[in-house]
Every structure is written in C-alpha cells, then in structure tokens.
Amino acid sequence: MVYPAQKHVLKTFEHLVKLLPEAERTKPQILLLAGGAVEFRNDTDRELVFRQESNFHYLTGCDVPSSFVIAAYQPGTSLSTTPSLSLFIPKAELEDLMWSVPPPSLAEAQQAYDVTTVEHPSAIPAAIDTLLKALPGALFHTLPRNSPLFPILPAQYTQKVLDADGAVTDLYLLSALQTARLIKDSDEIAAIKKANEISSRAHEVIMRVLGKAVKGKIEAGAGAGVDRPLLPGEWLIEKEAEAEAIFVASCRREGSVHQAYLPIVAASTRASTLHYCCNDREFAWGPVKPHDHHNKNELAHGKTKELNPQVLLIDAGCEWNCYASDITRTMPVGNGGKFTAEARAIYELVLEMQQESFNIIKAGLHWDAVQLICHRTLVKGFQKLGIFKTPESPGSGSWNSEEAILADGVSSAFFPHGVGHSLGMDVHDVPSASKPAVNPTIGGVTLGHESFYTYLRLRLPLETGMVVTVEPGIYFSPHLLAAVRESKHINHDVLKRVSTCYQI
C-alpha cells in the first residue's frame, strides 16, 4: 500500500494558507524541505540507526536518507486540488553498492511513492528555476532554518530563490504541518493501531515469561549457562535489562524497526522515576535464609533466591512505518506473581482513573476536563484508602472535603504529569499544535489546581481524528512527597504503609 503523501501535502497547504497574511493567500505557495541524513557516532565512521524526520515522512512517505522534496500549490488552479510533488533521492554510487543497501532507482521510487516526479538532487536547481518562471510571485516555505531540530537545507537552494528576487520564509510551515498532523486520517490510524498491536504482544510476552517462571515451567537444559549459552526458551527475567531485551526482540520479530522512545523498564522503587531509562538494575531480592548455606552453591545460580514483593513498570512502544505506540503496564514481581494488598489497591485506583477518563472522552470535550477527573478520582480513592483525610476523620473538618483537597493541589505530588498526549508519528506528537503558546481555549477559572496542568502536553478541545493516550498514574516518589510532608490533608501513617516500594 502506497503512503498517501499527496493527501497530506494538500492538507498541509490548506492549513498553511490559513496562517498567511491576507495579502499572501492568493499567491502560489511552494514547500522546500530536506529529509534526514545518516548520522555517525562522534568522529567515527560508525553509522547511527537512521529514522526519517517526521515532517518529511508525512509529506512524502519516503525513508531514503539525504532526500529532498519540493511541492507547489496555487489557489484557483488545478494545483489547489492536486499540488505537484517532486521527490529527490540520492543517486546510487559504487560505494553504496559495496558497503550498504543502495537507494532505489528513479523508476523504483516512482512506483513506491505517491509523488508527481522523482529525480536526483542534482536536478533541484533546475526545478527551482522552473517553478520561479511558472509561478511568478511564489512564496517559498521551509522549516525553521539554522535550527538543530530539523535537517539542514543547503543554503544554495534558498539563495537561488532570493537571487531571483523570490521570497523565502520559515514562519508558517512548521505550524501548518503540526496542525495538519494533529488530526489523523484512516491510514495513519491503521499504522498506529498496528504499532500498538505489536507492542501489546511484546508486553504480553514479558508477562508470560514472568508467569512461567513463577510456576517453575522454565527449565534450563543440560549445560545451559555453563557449556553453552542459554537459549530463549530458557531465559528468566530477573533484571530490568532482560525484560527490555525481550520486549525489543518481540517487536523486531514482528517487523518493527524502531522503538518510539527509549523503553522504561523500572523495578521496585525505581518505578517512581517518570522517565527512568537506565534499565540496568536487578530486581530486589529477599534476604538470605538461615539454612541457605546448605544449598550446595545453588543460591549463586538463582535457584533458591526469592524476590521481594515489588512491581515492575514497563513503559515501551514500537513504531510501525514511522507511527508510534505508547503502552505502560505494571505487573507484580515476587509474592508468587501476585500484587500485595496495598499494591493491588493502588493498581485498581489507577485503573479507575483511566476508566473514568474513557467514560467522558468525546469530541468537543476539553482535555483539561479529563485531567481534572483523574485528580478527582484519585482524591476520592485516597480518601477511601485512608491516605487522604475526610471531614469525618478524627480532629478533621470541612477543610478535608474532596473539593478542598482538589483546590489545595496536594494530589499533584502523587500524579504530577498529564493524563495523556497526542500520539502519531512521534510519541509526544506535534507539541506546538497540541499545546499552543497562544491558546484561547483556556483561561478564566482554573479547574481544580493550576499544578494539575503544568506538564499536560495537550490543552485543547478534542476533535474527531485526534489520537491521544490515556495514561494516568500514581507515584510514591520521595522527591515529590517531600513537598507535602506537612500536609494537613494526608494521614502520614497510612501513606507510609501504602507507599513502601510501590508505584503504579
């Protein structure tokens, strides 16, 4: 299936024209972008894994490094419904054939991509000359120049436009692209679903390996780990890195090339770090028992060790054709593969926060309302668990009502981040469109406490076609809790008991 580049280019032009000053809207509009290039590790010749720049992929569907694109649009002509789209891909050189997989031929690329023409970059100057003559007064648009955030567009191309008394601007294209990408079409949604399906199965693989270990169903064959390496069916998961390795391998086996972000695999108290990416620690083991010295050295090989009750949090998702997934799961480790009573209570409360969010999500609802309902559900749940006081608590009063606690903002110490964000070609997709600097949709009376929205990455009314994550959480981080140690709303004895070692 060919990626629908023409449709995305037209959509981008339509958003672009709306952003222009009135006097510029009737002029021809031309997009000029560079794709990503292969990068190298520091000063060596060792390539880093290549992944196409998202905006370039959105406009072309092309994942060939060092490519370029020129698109042209003119109101009132056939270009207003079918813009021209010219892709420029590198010519295969002998060194490419010797060292790596070469770029496709022009004929192959013409078949593979939804574009008008395909040429080599040497044809770009002539293509610019042709457009300057055919579309006099055209306004050329680029992504922000001299920015480390985007591929470098050689200055010779923009200079050629300026030398012909043309106009070049980088003020509008990024905003137009991000606004266009905010609303997904059916092809994009299908790619996101595919990425999530692969990632979901990878999470399940880890859970099943952990479950088999609890039931004693993972047996190492003769010589395993001594005379020969352990085979995949003999692997245990006793370290964060081992869980990460199985997750990534499962995704690669299903054809996913990239992870959408660095996997977060955090056991025990490390799970209270929001973006913990070290993934380099063992699970927390229980103490050595009085008679373990009689175990004939098997303790050293992990056969009699017992894991402390803890949780394992995995926040990981792969990409499918440059579209991201984002899945977080928390599972019990130790304790026979079951949550402790305290951990289960917190897990079920987070699940309730998510379900209450699902119950209200619909087009037209402002995303702030979803953030608020998560905090409200947390406050109610903590009052039931005794972590937060109620007006009926000993020595309490109306200052410990649900509304008073919400207004105080103390719940932000336990749920400090946003409930979710836009998801698309990037895991935190189109940030400037999701949370505009100038945002007329917010203002006036704050719902709850202002701290609820500090790290919320989406602050807009929902629209049909948006893809968002719904991922509330509850954290017991010493660093976050330090600020509320004296809070009159908290029963600190209950908090101490419930919070030990757990984050969901």
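The values are calculated or read from the model by the stated rules, or taken from the named source; none is laboratory data. A quick note: this is a predicted structure, and the numbers were derived from the prediction, not measured. In this analysis, Cβ positions are derived from the backbone assuming ideal geometry, glycine residues included, and neighbour counts consider all displayed protein chains. Accessible surface areas use protein heavy atoms only, side chains included; no ligands, DNA or RNA. Shrake-Rupley method; radii C 1.70, N 1.55, O 1.52, S 1.80 Å.
Is there a residue being open to solvent by 60 Å² or more (accessible area, probe 1.4 Å), touching a strand residue (DSSP E or B) at 6+ places or on another chain (Cβ under 9 Å) and modelled with pLDDT of 95 or more anywhere in the range 384-396? Yes, the range 384-396 contains at least one residue that is open to solvent by 60 Å² or more (accessible area, probe 1.4 Å), touching a strand residue (DSSP E or B) at 6+ places or on another chain (Cβ under 9 Å) and modelled with pLDDT of 95 or more.
Within the range 448-465, the residues that satisfy the criterion of being part of a loop (DSSP other than H, G, I, E, B) and closer than 25 Å to residue 183 by Cβ are 455, 456, 457, 458, 459, 460, 462, 463, 464, 465. Taking the listed residues 419, 379, the one that is under 30 Å from residue 463 (Cβ atoms), in contact with an Asp or Glu (Cβ under 9 Å, 6 or more places away or on another chain) and assigned to a loop (DSSP other than H, G, I, E, B) is 419, with no other qualifying. With respect to residue 237, is the statement that it is under 24 Å from residue 315 (Cβ atoms), aliphatic (A, V, I, L, M), out of contact with any Pro (no Cβ under 8 Å at 6 or more places or on another chain) and part of a loop (DSSP other than H, G, I, E, B) true? Answer is yes for this residue.
Taking the range 3-101 and the helices (runs of 4 or more DSSP H) fully enclosed by it, the elements with 1 or more residues that are closer than 24 Å to residue 145 by Cα, open to solvent by less than 40 Å² (accessible area, probe 1.4 Å) and not hydroxyl-bearing (Ser, Thr, Tyr) are at 5-19, 54-60.
Taken as a whole, the condition of being in contact (Cβ under 8 Å) with a residue 12 or more places away in the chain and farther than 30 Å from residue 320 by Cβ does not apply to residue 394. Of all residues in the range 359-374, exactly one satisfies the criterion of being open to solvent by 60 Å² or more (accessible area, probe 1.4 Å) and part of a helix (DSSP H, G or I), namely 359. Taken together, 212, 193 contain a single residue that is open to solvent by 60 Å² or more (accessible area, probe 1.4 Å), out of contact with any Cys (no Cβ under 8 Å at 6 or more places or on another chain) and closer than 30 Å to residue 468 by Cβ, which is 193.
Checked against the criterion of being out of contact with any Cys (no Cβ under 7 Å at 6 or more places or on another chain), more than 20 Å from residue 73 (Cα to Cα), open to solvent by less than 40 Å² (accessible area, probe 1.4 Å) and modelled with pLDDT of 95 or more, the range 164-180 contains not a single residue that satisfies it.
Of all residues assigned to the range 229-248, at least one qualifies as being open to solvent by less than 40 Å² (accessible area, probe 1.4 Å) and closer than 21 Å to residue 428 by Cα. Looking across the range 49-67, just one residue is free of Cβ contacts under 8 Å to residues at least 40 places away in the same chain and within 15 Å of residue 257 (Cα to Cα), and that is 50. Quick one: would you say residue 349 is within 27 Å of residue 200 (Cβ to Cβ), of a type outside the set (Asp, Glu) and open to solvent by less than 20 Å² (accessible area, probe 1.4 Å)? So residue 349 passes the test.
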